[in-house]
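First the structure, which I've put down as structure tokens, then a few questions once you've had a look.
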Amino acid sequence: MINVEEVIIEDFRGIRKLILKFNGKNFAVCGPNGTGKSGVVDALEFGLTGNISRLSGSGTGSVSVRAHAPHVDSRDNPEKAKVTLILSIPSLGDKKVTVERSVANPYMPLITPATPDVLKIFKELENHPEFVLSRRELIAYILAQPGKRSEEIQALLRLDQIGELRGNLKTISNTCNKEFVACKKISMEIRDHLARALEIAELKTNLLLKAVNERRVLLGLDPIKTLESTTSLHDGLKTGSEKSSPSKINKMQLAVDLKNLQELITKFTTVDMIKECGDLYDQLKVLSADPAVVDSVSRETFLRTAISFIAEEACPVCGTEWDIDTLKALVEVKLKKFEDVTKTRLRLEKELEPIISRIEELNESMGILEKYIKILKPEYIVGFSTYRNNLSLRIKDIKSFLPLTKTLSSLRDINDVPKVVIDTIDSLETALAKIPEPTKLEAARDYLILCQDRLETYREASRKAKRTEAHALLAQSVYDIYTEESNKVLEEVYKQVEEEFGHFYQLINSDDESAFSAKLTPSMGKLGFDVEFYGRGHFPPGAYHSEGHQDGMGLCLYLSLMRRLQGSNFNFAVLDDVLMSVDTGHRREVCALLKKHFPNTQFVLTTHDEVWLKHMISAGLIKSTNFVRFSNWTPDQGPTEWSSRDIWTEINTALQKNDVRDAASILRNYLEYISKEICHNLRAPVEFKGDGRYELGDVLPSAVKQFRNILLKGAESAESWGRPAEATTIKDREQRVAAALQNSNADQWQINPAIHYNEWANLTSSDFGPVSQSFHDLIQNFICEEEKCGGLYYLTFVSPKEFDSLQCMCGKTNISLKKQNNKK
Amino acid sequence: MTNNKVIKPTTDIRQNVYNSFIDTMKKRQVSEDVLNRFIKMFEQEEKPSIDTIKKALFGENGTEL
């Protein structure tokens, strides 16, 4: 989307004023911890988006951008804290844009020019803050739980809406299903009421028609032949008043309902039933007397409840996604500890089931009688209903099982039916007897009206159950289709990411994991991630791979995801102290990966590791002028810039200050470092040292000797292929190296005493200047002269011991080392 | 090489999911009303709420089938 040309940071985070010129190229910020590197990262993010991730979002508590982005001494003047960025936009023909953003108005930046195409780019940037990658985030992708990883990666790919829609469809499907189950239950209860009113054992069409037609015939109505969804059982009853005014009390129905309740009470109070309830009460009492057992039962219940909720892919409380199988296995292991308790609990629950069922029947039957009581014996309704409500509460407590004290309390004297209930039933019986016996015709009419009323209620409940069932089926079917299709598309995306990730990782670990592969496995909102480990199979990344390898994986996954996300617009990324644990050998390959495979992406890299910075420069990832080194930081001054110039300018500056000691130290350290790099690139033989401490004398002569040998081989190869001019050019090059070596060798003695023997005081700037120049001339021979390349030469191989060519990163130098076969 | 592949922007990935979803619903003979409501929802809403999805599934009053 953008390239950063320059950043100007004022009174922002730990920085007072800092101007960094990136020139649209890769840039490095190096310095020990606490020297202000993160301030630069924050400034870039703030300048481009108006936000600073590490000061916002979850886990940041009372810290905020507005309060804490300004420099601590400007905390009351957020308008002073600002970041100005000079950008170029590749997609708009490298259009130059300036954006100035102050903490006082973070979302009202001054953008020049503020044309619609430029504003659109800024909108995109605000939506894509993932151009900043910290090590913490990088490791989060690698080591996350599958559900969380899926969430993180989908959020990064801006595919979170896909997951959210799936989650919402699932919620709707579950809700519809629950609604259907509830409606079905109600419908079945109403069906029983209808059957009872019809006075038939089972609700079957033939039985219903037989019972109804008997009454219809009595009333002189035509029998109903078929029962349709709109059939009226009392069709033909002539006047409206006949239909709508049944007797207030259907004597026959009351008799049936009353008898039903009496029978239930009798069953509920038999000696056997009382004994059954008493035995269960005693067992529960014993159980509740032991606090350890109570605790175990509680825990076991909690875990079992937990398992029942693991049926969905996310926590029903907080919505955090989880791995169903892993979590279930974990809970089941814990449940195993309570095996005995589980057995006891399950047995007691089973024994309680018939008692609960009896109480429920009793409760329901009492409910039916309440309406008669209100009409015939209203003075009893309070006492009767109070007992019924009490029964409802007891049912709830006994069903819950826990806390045991409540279950015990509800079970105690459960069979004692209060006198008020018995009195109510008796008085209803008396009242029933006083109701005049209806004539057969009246009874038939009441029968038809009551049954039609219950049939209508049943039809409505049945329709509702069918509707909710259809909703549930549709919701489930749409959810299944969506899950299936989104998985298919995402699998394809993940397959591409997986392929590219594996390829990138192979590139940075070509020495020992060239056969590496990865598996990204999406399923039900989760994303499994396994990586191949040295031919032993695929395992989670954190299982066997070292931290360094995991860092490498994180970067590769990030790069492949960003490429998938932004495609050719992946022009800018800030890698904040990533790869801190990647070892030296692999860092070279990381540089090569970034340089070769992301030539259009500008990377800003921060590191506290000087060696890492040197790697970046020697590999040509960072140009020798495109970095800043912070040496120190104070609240008043902010970061102190050690130098943003190249090494030779630094040496010259030291010499201009007559600081020979500093100049000699810089030169010595640099030569040691660059010589090791050259030895590595050219596979120069160096005498092994167990402590790994190679000094300049150990590595530089070897590097130069190897380089000269390679050049001579290159000349021989050119001659063998009949290219004498090329051979001459290479030989000239070898001679230049020899001459430069001679110059530098003559003065090398002066460096050592300057460092080791404190004889620097005896040297002057004019003595040391030529020394520095001679080494500069020598080292330049190992570096590509192309400005855009600037990388060290390196060897390519036919096989581990057979050199193929000497090359540079840009390809300008490509000296074949293979001779024509017949001219050995 | 991987970097020569044609890269699909993310919005296309999301659109692909929606398109495949609609196509499969058609194949499975989900009613045209439901299909049309989902198409309209995808056009109008980037992040549809549960209520919006319910309306797409069951119609404005939640009773259509």
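The values are calculated or read from the model by the stated rules, or taken from the named source; none is laboratory data. What you see is a predicted model, and the numbers here were worked out from it, not measured in a lab. Cβ: placed from backbone, ideal geometry, glycine included. Neighbour counts: every protein chain shown.
Inside the range A:154-164, can you point out the residues that are at the interface with another protein chain (Cβ under 7 Å from one of its Cβ atoms), crowded, with 19+ Cβ neighbours inside 10 Å and either modelled with pLDDT of 80 or more or part of a helix (DSSP H, G or I) (or both)? Even if it seems obvious, please write down each step before you answer.
So the first thing to find is which residues in the range A:154-164 are at the interface with another protein chain (Cβ under 7 Å from one of its Cβ atoms), and the list is A:157-159, A:161-162, A:164.
Then drop every residue that is not crowded, with 19+ Cβ neighbours inside 10 Å, which leaves A:157, A:159, A:162.
Matches in the range A:154-164: A:162 only.
Could you grab the pairs with beta carbons closer than 6 Å, sequence gap of 6+ or different chains, first residue in the range A:84-106 and under 19 Å from residue A:603 (Cα atoms), second one in a strand (DSSP E or B) and of a type in the set (S, T, N, Q)?
A:86/A:98; A:88/A:3; A:94/A:88; A:96/A:88
Still on this structure: Does the range A:665-680 include one or more residues that are over 24 Å from residue A:810 (Cα atoms) and among the hydrophobic types (A, V, I, L, M, F, W, C)? Lay out the reasoning, then the answer.
Of the residues in the range A:665-680, the ones over 24 Å from residue A:810 (Cα atoms) are A:665-669, A:672.
Applying the additional criterion that residues be among the hydrophobic types (A, V, I, L, M, F, W, C) yields A:666-667.
Checked against the condition, which is being over 24 Å from residue A:810 (Cα atoms) and among the hydrophobic types (A, V, I, L, M, F, W, C), the range A:665-680 yields at least one hit.
To continue, here is another question. Could you please let me know if residue A:598 is modelled with pLDDT of 90 or more, farther than 18 Å from residue A:20 by Cβ and surrounded by fewer than 23 Cβ atoms within 10 Å (Cβ to Cβ)? Break it down into steps so the answer makes sense when it comes.
Values: modelled with pLDDT of 90 or more: yes; farther than 18 Å from residue A:20 by Cβ: yes; surrounded by fewer than 23 Cβ atoms within 10 Å (Cβ to Cβ): yes.
Yes; evaluated as a whole, the condition is true for this residue.
Identify, please: which residue in the range B:1-33 is modelled with pLDDT under 55 and not in a loop (DSSP other than H, G, I, E, B) and is, among those, farthest from the other protein chains (Cβ to nearest Cβ)? First the steps, then the outcome.
Narrowing the range B:1-33 to residues modelled with pLDDT under 55: B:1-10.
Going one step further and asking which of them are not in a loop (DSSP other than H, G, I, E, B), we end up with B:2-4, B:10.
On the way: B:2: 5, B:3: 5, B:4: 11, B:10: 5 Å.
Checked the range B:1-33; the qualifying residue farthest from the other protein chains (Cβ to nearest Cβ) is B:4.
For residues that are facing chain A (nearest Cβ under 10 Å), within 24 Å of residue A:492 (Cβ to Cβ) and part of a helix (DSSP H, G or I), tally how many sit in the range B:42-59.
1
Same structure, new question: I'm checking my understanding of the structure. Among residues of the range A:493-516 that are more than 17 Å from residue A:592 (Cα to Cα) and at the interface with another protein chain (Cβ under 8 Å from one of its Cβ atoms), which one is surrounded by the fewest Cβ atoms within 10 Å (Cβ to Cβ)?
Per the criteria, the residue is A:499.
Related question: Are there helices (runs of 4 or more DSSP H) fully within the range A:232-302 with at least 1 residues that are modelled with pLDDT under 75 and at negative phi? List them.
Values: elements: A:240-244, A:251-268, A:271-289.
Here the list reads A:240-244.
Exactly one condition in (1) assigned to a helix (DSSP H, G or I); (2) at pLDDT 80 or above is not met by residue A:620; state its number.
Unmet for residue A:620, out of (1) assigned to a helix (DSSP H, G or I); (2) at pLDDT 80 or above: (1).
Which of the numbered conditions does residue A:764 fail, given that it passes all the others? Conditions: (1) among the hydroxyl-bearing types (Ser, Thr, Tyr); (2) surrounded by 16 or more Cβ atoms within 10 Å (Cβ to Cβ); (3) modelled with pLDDT of 80 or more; (4) more than 54 Å from the chain's Cα centre (by Cα).
Residue A:764 satisfies all of (1) among the hydroxyl-bearing types (Ser, Thr, Tyr); (2) surrounded by 16 or more Cβ atoms within 10 Å (Cβ to Cβ); (3) modelled with pLDDT of 80 or more; (4) more than 54 Å from the chain's Cα centre (by Cα) except (2).
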